[in-house]
2 protein chains.
Amino acid sequence: MEYTVQKLGRMAGISTRTLRYYDEIGLLKPARINSSGYRIYGAKEVDRLQQIMFYRELDVCLQDIKAIVTNPSFDGVKALQGHLGELLIKREQIDAIIANVRKTLASTEGRMTMLDKEKFTGLKKKMVDENEQKYGKEIREKYGIDAVEHSNKAFKNMSQENFERMNNLAEKIHVVLAEAIATADPASQVAQKAADLHKQWITLAWGHYDKEAHAGLAQMYVDDARFTAYYDKKLPGTAALLRDAIYIMTGTEK
Amino acid sequence: MEYTVQKLGRMAGISTRTLRYYDEIGLLKPARINSSGYRIYGAKEVDRLQQIMFYRELDVCLQDIKAIVTNPSFDGVKALQGHLGELLIKREQIDAIIANVRKTLASTEGRMTMLDKEKFTGLKKKMVDENEQKYGKEIREKYGIDAVEHSNKAFKNMSQENFERMNNLAEKIHVVLAEAIATADPASQVAQKAADLHKQWITLAWGHYDKEAHAGLAQMYVDDARFTAYYDKKLPGTAALLRDAIYIMTGTEK
DNA sequence: CTTACACCTTTACGTAACGTCAATGTCAAG
DNA sequence: CTTGACATTGACGTTACGTAAAGGTGTAAG
């Protein structure tokens, strides 16, 4: 089946402007342009738009969505499984807000009292903790870890070659970490291998290497929910194991 | 308890910039300014911020939130009950998206097939139906009903006096409609009274009266989920009854 | 007492994800 | 062959803030 902008837009519930914008930023390009310059979308584009809308539903910004879905090693099925988990979390957050509304109603009726800070439970978005607020910002400023968070900004100045090497390294790290988790020993040879691979990845990402920064990042992986979600997806405890291995390798004391 | 910007922001999980912006647009003004020019918030402001954040969670734009919470006849308890309903709807929408992800996963595994348009169920935001798309736009352009939707734009050119008269009328309409729903007869005297009150309301809102436009708006009340949610909140069928009463009054044929 | 440091202020420009014209070309139907 | 719904590319507008600049305030520690 083939679609013009309007047909696709109507089907997906978005405007033609949105589709043109997605084309403009390279997020979703039409399968082809016909002789009159019209955008024509095919089956592949429909599926991709669906993925895009799933990510958008989870408040991922378009730049990040682009980095994710245009990544040559993008795995649609894994992404869908990820959506499932995130959506369940989102539903729990809504349940928390619903509970808050119920409590607030009860408090206005005098059936109970609420502390001021309780009035915002469920409405606060994340904010790992005060420590992260304080040191997280500091360490990011110091070592430019923001560049790691926002993949696109980091990748912008990177050659396609380096990008692929990084992807390969990332996959290897995953595999090696899966082996290491079985031993559960951060000093084991395989865990140290993972730490070393991660060091190589850092070097590519930052353009240089710094032990202290590496250790700081490792701790952040454990503290920051987004990172643990990434590393602990399949095997819980992976983030902590990687951190401990990096601590050993860099000679960092806890 | 009193709060400075940072304390309140930290408690509610928002930035100080956001609080300053809310002050700037008149959405949430501090209780007082101290001798050094610092913004000081009190208990009332905390509760108001909570209401604001509930509305924001439901994707209401700040301009509309302002129109709602600064309205002198704003009823906090009713608002909370409304939030409850909207949040339950939102949870259902998330459930729909979850179902979609599950189906999509099943289809990638070949356990079932999906039509292209099924791939977007739950992701489409509203779009009542094609009819609304077509005639809704037309009627809005013709009669300026967009001005009714976005209260602020409509109220901008309206004197405070008219605004209060409209609010009084709206309350009366509610009361009379509640009586009318008991008879269930759009031709009944009380239902016709409601239709007449609504006519007066329209006249104030639009600055003029037009039978055809009034009938069109009545149909929109039934078709548009936002309107039915408003009119049918307590008593289902109210929107349809009002429409039928207006049809009779204006001599419109279905 | 002053030095540090985390607060606070206003002013002002930047950003994301489109909405909304404007000006113009295309195509199927009557 | 005109009409009306479609398409195109600019280009400027909007919302809800982020972010930096330049400076005043409050308190704890040296």
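The values are calculated or read from the model by the stated rules, or taken from the named source; none is laboratory data. These numbers were taken from a predicted model, which means no experiment stands behind them. With ideal geometry, Cβ positions are generated from the backbone for all residues, glycine too; neighbour counts draw on all protein chains shown. These area figures cover heavy atoms from the full protein model, side chains too; ligands, DNA and RNA do not enter into them. Shrake-Rupley method; radii C 1.70, N 1.55, O 1.52, S 1.80 Å.
Summary of computed values
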| quantity | calculated |
| --- | --- |
| Identity and axial distance of the chain A residue whose Cβ lies nearest the axis relating A to B, Å | A:Arg91, 3 |
| Test item: Cα-centred dipole of segment A:76-120, Lys/Arg +1 and Asp/Glu -1 on Cβ, debye | 40 debye |
| Cβ-vector label at 7 Å, A:Ala79, separations to other copies in nm | 3.9 |
| Pairwise FRET efficiency - B:Asp75 versus B:Thr16, Cβ, R0 = 30 Å, nearest 0.05 | 0.50 |
| Among the listed pairs A:Lys103/A:Lys124; A:Lys125/B:Lys119; A:Lys66/B:Lys103, those beyond 19 Å (Cα-Cα) | A:Lys125/B:Lys119; A:Lys66/B:Lys103 |
| Coarse-grained scattering of segment B:5-69 at q = 0.24, 0.28 Å⁻¹, given as base-10 log I(q)/I(0) from a Debye sum over alpha-carbon atoms | -1.09, -1.44 |
| Spatial separation of Cα centroids for segment B:68-99 and segment A:32-87, in angstrom | 30 Å |
| Rough spin-label spacing in nm, given labels placed 7 Å along Cα→Cβ, for A:Thr4 and A:Ala182 | 5.8 nm |
| Area buried, chain A against chain B - accessible surface, total, 1.4 angstrom probe, square angstrom | 4100 Å² |
| Label geometry 7 Å along the beta-carbon vector: B:Arg20 inter-copy distances in nm | 3.7 |
